[in-house]
Amino acid sequence: EPEVTQTPSHQVTQMGQEVILRCVPISNHLYFYWYRQILGQKVEFLVSFYNNEISEKSEIFDDQFSVERPDGSNFTLKIRSTKLEDSAMYFCASSADEKLFFGSGTQLSVL
Amino acid sequence: GESVGLHLPTLSVQEGDNSIINCAYSNSASDYFIWYKQESGKGPQFIIDIRSNMDKRQGQRVTVLLNKTVKHLSLQIAATQPGDSAVYFCAENRKGNFNKFYFGSGTKLNVKP
């Protein structure tokens, strides 16, 4: 069964450093997303991406965040200068229509 | 320091019993709903979906009921198994904006053998 894959599964970084989280969406999907989940809290929408541009973004997705689809298979989330409060589980998702499928997540720890 | 986070409601059931997990939503524009299962350290796993023009949908061992009048959604799991133990979330999106899902806070299902 096709699935969304994310790498790395865990990322530890120092505050102020840049991180790139990587995702390979399901191959025939056209819509891509990043969500995050701070420990013990709800899953929160960050950004959606379609046709090589951002469709919608939340208030969380400020200038420190960016997304890119560098080739036909990868979808990345970059955080330019990480803050302590960026520590969370980051989930990539993709869809062909409304049905959203998630990857297993990258646990980001900012020290 | 102070711990901040959600205190998840927990539903404990005996193996073999049926489980009912509930979710309330507030926006009348909510148009499409998904139930997700999340096991510890993993991503949300799609279980079943329902559109607002339906009030019931069945899958394998699962049924979703939608009551638009009271803005309530439920997930019924038949013959609950230990492997069903997880946190269950409902997620909704709104008419004209299927890019963005809003997640509920979740219910922890604990299946006792």
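The values are calculated or read from the model by the stated rules, or taken from the named source; none is laboratory data. No experiment lies behind these values; they were computed from the predicted model shown. We place every Cβ from the backbone using ideal geometry, glycine too, and count neighbours over all the protein chains shown. Remember, those area values only see protein heavy atoms, side chains included, never the ligands or the DNA or RNA. Shrake-Rupley method; radii C 1.70, N 1.55, O 1.52, S 1.80 Å.
Scan region A:89-111 for residues that are more than 12 Å from the chain's Cα centre (by Cα) and either modelled with pLDDT of 95 or more or at the interface with chain B (Cβ under 10 Å from one of its Cβ atoms) (or both) and the total you get is 9. The lone criterion from (1) at pLDDT 95 or above; (2) exposed (fewer than 15 other Cβ atoms within 10 Å of the Cβ) left unmet by A:Cys23 is number (2).
Residue count for region A:68-83 satisfying the condition of being part of a loop (DSSP other than H, G, I, E, B) and open to solvent by 30 Å² or more (accessible area, probe 1.4 Å): 9. Being surrounded by fewer than 16 Cβ atoms within 10 Å (Cβ to Cβ), at the interface with chain B (Cβ under 8 Å from one of its Cβ atoms) and outside any loop (DSSP other than H, G, I, E, B): is that true of A:Glu44 here? Criteria not met by A:Glu44. Does B:Gly104 fit the bill of being open to solvent by 10 Å² or more (accessible area, probe 1.4 Å), without any contact (Cβ under 8 Å) to a residue 24 or more places away in the chain and closer than 27 Å to A:Phe32 by Cα? Taking the combined requirement at face value, the residue does not satisfy it. For B:Phe89, are the conditions met, namely being at pLDDT 90 or above and crowded, with 20+ Cβ neighbours inside 10 Å? Yes, satisfied. Against the criterion of being open to solvent by 100 Å² or more (accessible area, probe 1.4 Å) and not in a loop (DSSP other than H, G, I, E, B), A:Arg36 does not qualify.
Filtered by the rule that a residue be polar (S, T, N, Q) and open to solvent by 40 Å² or more (accessible area, probe 1.4 Å), region A:47-61 gives A:Asn51, A:Asn52, A:Ser55. When B:Leu6, B:Leu65 are screened for being modelled with pLDDT under 95 and open to solvent by 20 Å² or more (accessible area, probe 1.4 Å), only B:Leu6 passes. With the structure loaded, tell me whether A:Asp86 is open to solvent by less than 20 Å² (accessible area, probe 1.4 Å) and over 11 Å from the mean Cα position of the chain (by Cα) or whether it fails that test. For A:Asp86, the condition - open to solvent by less than 20 Å² (accessible area, probe 1.4 Å) and over 11 Å from the mean Cα position of the chain (by Cα) - is met. Restricting attention to region B:10-28, the residues being at pLDDT below 90 and surrounded by fewer than 12 Cβ atoms within 10 Å (Cβ to Cβ) number 2. Does any residue of region B:51-64 turn out to be without any contact (Cβ under 8 Å) to a residue 60 or more places away in the chain, under 30 Å from A:Ser55 (Cα atoms) and either facing another protein chain (nearest Cβ under 10 Å) or of a type in the set (Gly, Ala, Ser) (or both)? For region B:51-64, residues without any contact (Cβ under 8 Å) to a residue 60 or more places away in the chain, under 30 Å from A:Ser55 (Cα atoms) and either facing another protein chain (nearest Cβ under 10 Å) or of a type in the set (Gly, Ala, Ser) (or both): present. A Cβ distance below 7 Å, combined with a sequence gap of six or more or placement on separate chains, defines the contacts here; from region A:88-111, residues that are in a strand (DSSP E or B) reach residues that are among the basic types (Lys, Arg) in the pairs A:Ala88/A:Arg36; A:Met89/A:Arg36; A:Tyr90/A:Arg36; A:Phe91/A:Arg36; A:Val110/A:Lys83.
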